[in-house]
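Quick notes on the structure that follows.
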Amino acid sequence: MKTVTSAQWQKAAAFLKNEAHPLEGALYAWFFEGGPAERVWTELALFQNTDGGFGHGLEADIRLPGSSVIATTVAFQWLRQLDTPAEHPLVVNGCRYLREQYHADHLNWPIIPPHIDDAPHAPWWQYNGELMEQQINPRVEILGYVYDYAAHFPAVMREQLTGSVVTHLLSQPDEMEMHDLLCCLRLLETQSLSEAVREPLLEKLTAVVSHTVERNPDTWRGYGLPPLGVIKSPESLFAGLFTEVIPLNLDFLIEQQGADGTWGPAWSWGDVSPEAWAQAEREWRGTLTLGHLLVLKVFGRAGNLC
């Protein structure tokens, strides 16, 4: 069984503290060193705009300073992890933005704004009106935050959205695009979901996870969804589906750690905006490295290093 060496762990920690975005440094301190949540909130606030939404590269492949719904969902992922109170300004203003961006006639949100081209971005982030028709990403994930912070959203909105989301998900094939699946899993992780909603979703997503996650180690070097993309701890809902391959995926993850202690993205922007991509790539290293350290720790692959 492979474990992260002390030297490699310290290199990763040094990168997060000194070279990644300060948000990742604050998150490392919170997760591993007993650092204050207030420091994370302070760093996260730097990404929030006056309209309540988040931008400024919080989703590193979108360099737009202005707000986008997709960047705002990234913020709420961290707000949830930190159990941020509903009355916190980050939450109050973020929920305001989501309310204002909601299109009741579509029961949906536009994932990116029309002016996406005002700043560099990955080539796959192209605006067209059809983005409003995406039925899973981001609205399924946002529904979870509507439950988390129910006081900030009308009850009728939550009820209509829940009915639409559940009906749509249950009608889908058992193999799903990876980002759509991750949105679904974030909804399933929502603590305040009723059992009447959770049970059919759990049954459906068990089949989807089984058919979508890549079990073949030969595929893990590319851009895809390996077991550890879904299984974040031994207690994960779907860990039992991957008992044999999780140890292999952990070994693989350790093998892929770079000499500088980091993990880099399996994608690039190609020839698009090389300078902007260089910055985005460094920020992705911070995001991915933090996430992988968390997984290795919880699976006991970090020894006594943290």
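Some values worked out for this structure:
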| quantity | calculated |
| --- | --- |
| Looking only at segment 51-78, and only at residues there that are part of a loop (DSSP other than H, G, I, E, B) and either among the hydrophobic types (A, V, I, L, M, F, W, C) or not assigned by TED's automatic domain parsing to the domain that holds Ile112 (or both), the one that is farthest from Arg99 (Cα to Cα) | Ala60 |
| Scope segment 111-150; condition buried (at least 18 other Cβ atoms within 10 Å of the Cβ) and among the small types (Gly, Ala, Ser); matching residues | Ala122, Gly144 |
| Ala60 vs. criteria buried (at least 17 other Cβ atoms within 10 Å of the Cβ) and under 30 Å from His168 (Cβ atoms) | yes |
| His106 in contact with a strand residue (DSSP E or B) (Cβ under 9 Å, 6 or more places away or on another chain) and either at negative phi or in a loop (DSSP other than H, G, I, E, B) (or both) | no |
| Residues within segment 262-297 that are within 18 Å of the chain's Cα centre (by Cα) and farther than 20 Å from Trp124 by Cβ, tallied | 10 |
| Some residue of segment 166-186 being farther than 28 Å from Val245 by Cα and β-branched (Val, Ile, Thr) | yes |
| Among (1) in a helix (DSSP H, G or I); (2) in contact with a Leu (Cβ under 9 Å, 6 or more places away or on another chain); (3) without any contact (Cβ under 8 Å) to a residue 60 or more places away in the chain; (4) of a type outside the set (D, E, K, R) - the single one Thr42 does not satisfy | (2) |
| Number of the exception - Gly264 against (1) part of a helix (DSSP H, G or I); (2) closer than 27 Å to Asn18 by Cβ | (1) |
| Within segment 232-246, tally of residues that are free of Cβ contacts under 8 Å to residues at least 60 places away in the same chain and either farther than 18 Å from Glu175 by Cβ or in a loop (DSSP other than H, G, I, E, B) (or both) | 10 |
| Single match in Trp269, Trp284, Trp263 (criterion: without any contact (Cβ under 8 Å) to a residue 60 or more places away in the chain and outside the structural domain of Leu170 (by TED's automatic domain parsing)) | Trp263 |
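The values are calculated or read from the model by the stated rules, or taken from the named source; none is laboratory data. Just so you know, these numbers come straight off a predicted model, no measurement behind them. Note that we place each Cβ from the backbone using ideal geometry, even for glycine, and neighbour counts take in every protein chain shown.
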